[in-house]
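S.K.: Got a structure for you, written out below as structure tokens; questions coming shortly.
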Amino acid sequence: MGESRSLTINGRSHSVSPEDPETPLLYVLRNEFGLHGPRFGCGLGQCGACTVHIDGQAVRSCVIPLSSLKPDAKIVTLEGLGTPEAPHPVQAAFVEEQAAQCGYCINGMIMTSAAFLKDKQKPSEAEIRQALAGNLCRCGTHARIVRAVQRAAASL
């Protein structure tokens, strides 16, 4: 086993000892902690399916080696954004707009949208589309996704 690292994930402190310190954060989240919101898509940081928040910023966890994380980094996954009883406004809006079809990209869309809306309270449709341009969706639900982000922005 490698050197033990402390992580704060969804508000809880954890310790992890990966065999390889270059293990991507995505693998640690999924395999060590059973968090399946972030998904493996391309493995290159290009599709957005693995997006999580680190210190409030949306990042691609498939290309973030565990060794690169600051000891005090705060990691939030889809599971920590909200709860079934009290969903984050973006999560609620995605449900209300039925923005998921196959659902594979939705983790990245929601996590990217939540970080975006934290910095931009009243975005235009063009700004929303630009913010989500790096998240790939093959199902064609882009119109519903944009409506969901607009709904969430109005409720924040």
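The values are calculated or read from the model by the stated rules, or taken from the named source; none is laboratory data. Keep in mind that this is a model prediction, so the values were computed, not measured. Reconstructed Cβ throughout: ideal geometry from the backbone, glycine too, with neighbour counts over all protein chains shown.
S.K.: What pairs can you find where one residue is in the range 133-149 and not assigned by TED's automatic domain parsing to the domain that holds Gln91, the other is outside any helix (DSSP H, G or I) and polar (S, T, N, Q), and their Cβ atoms are less than 8 Å apart, with a gap of 6+ or different chains?
M.R.: none
S.K.: Then there's this: Given (1) of a type in the set (Ser, Thr, Tyr); (2) at pLDDT below 95; (3) within 23 Å of Pro18 (Cβ to Cβ), identify the lone condition not met by Ser61.
M.R.: (2)
S.K.: Criterion first (at pLDDT 95 or above and not aromatic (Phe, Trp, Tyr)) does Ala100 satisfy it?
M.R.: Details: at pLDDT 95 or above: no; not aromatic (Phe, Trp, Tyr): yes.
No: the conditions fail for Ala100.
S.K.: Given the conditions (1) under 9 Å from the mean Cα position of the chain (by Cα); (2) more than 19 Å from Gly140 (Cα to Cα); (3) touching a residue at least 40 places away in the same chain (Cβ under 8 Å), report the number of the one that Phe116 does not fulfil.
M.R.: The single condition Phe116 does not satisfy is (1).
S.K.: Then there is this: Take the residues in the range 11-34 that are in a loop (DSSP other than H, G, I, E, B) and touching a Leu at 6+ places or on another chain (Cβ under 8 Å), then tell me which one is surrounded by the most Cβ atoms within 10 Å (Cβ to Cβ).
M.R.: Restricting to residues being in a loop (DSSP other than H, G, I, E, B) and touching a Leu at 6+ places or on another chain (Cβ under 8 Å), the top hit is Pro18.
S.K.: Counting only residues that are surrounded by fewer than 19 Cβ atoms within 10 Å (Cβ to Cβ), give me the helices (runs of 4 or more DSSP H) lying completely in the range 51-156 with at least 3 of them.
M.R.: 89-96, 125-131, 142-155
S.K.: Tell me yes or no: at least one residue of the range 105-120 is closer than 17 Å to Val28 by Cβ and modelled with pLDDT under 95.
M.R.: No, the range 105-120 contains no residue that is closer than 17 Å to Val28 by Cβ and modelled with pLDDT under 95.
S.K.: Now for a separate question. Before we move on, is Gly43 in contact with a helix residue (DSSP H, G or I) (Cβ under 6 Å, 6 or more places away or on another chain), free of Cβ contacts under 8 Å to residues at least 60 places away in the same chain, surrounded by 13 or more Cβ atoms within 10 Å (Cβ to Cβ) and of a type in the set (Gly, Ala, Ser)?
M.R.: Yes.
S.K.: Within the range 92-99, identify whether any single residue is over 17 Å from Cys137 (Cα atoms) and of a type outside the set (D, E, K, R), and answer yes or no.
M.R.: yes
Table: residues versus (1) at negative phi; (2) hydroxyl-bearing (Ser, Thr, Tyr); (3) not assigned by TED's automatic domain parsing to the domain that holds Ala148.
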{"position": "Ala49", "(1), (2), (3)": "yes, no, yes"}
{"position": "Glu97", "(1), (2), (3)": "yes, no, no"}
{"position": "Gly103", "(1), (2), (3)": "no, no, no"}
{"position": "Gly108", "(1), (2), (3)": "yes, no, no"}
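S.K.: If Gly43 satisfies all but one of (1) modelled with pLDDT of 95 or more; (2) under 14 Å from the mean Cα position of the chain (by Cα); (3) not in a strand (DSSP E or B), what's the number of the condition it fails?
M.R.: (2) is the only condition that Gly43 fails.
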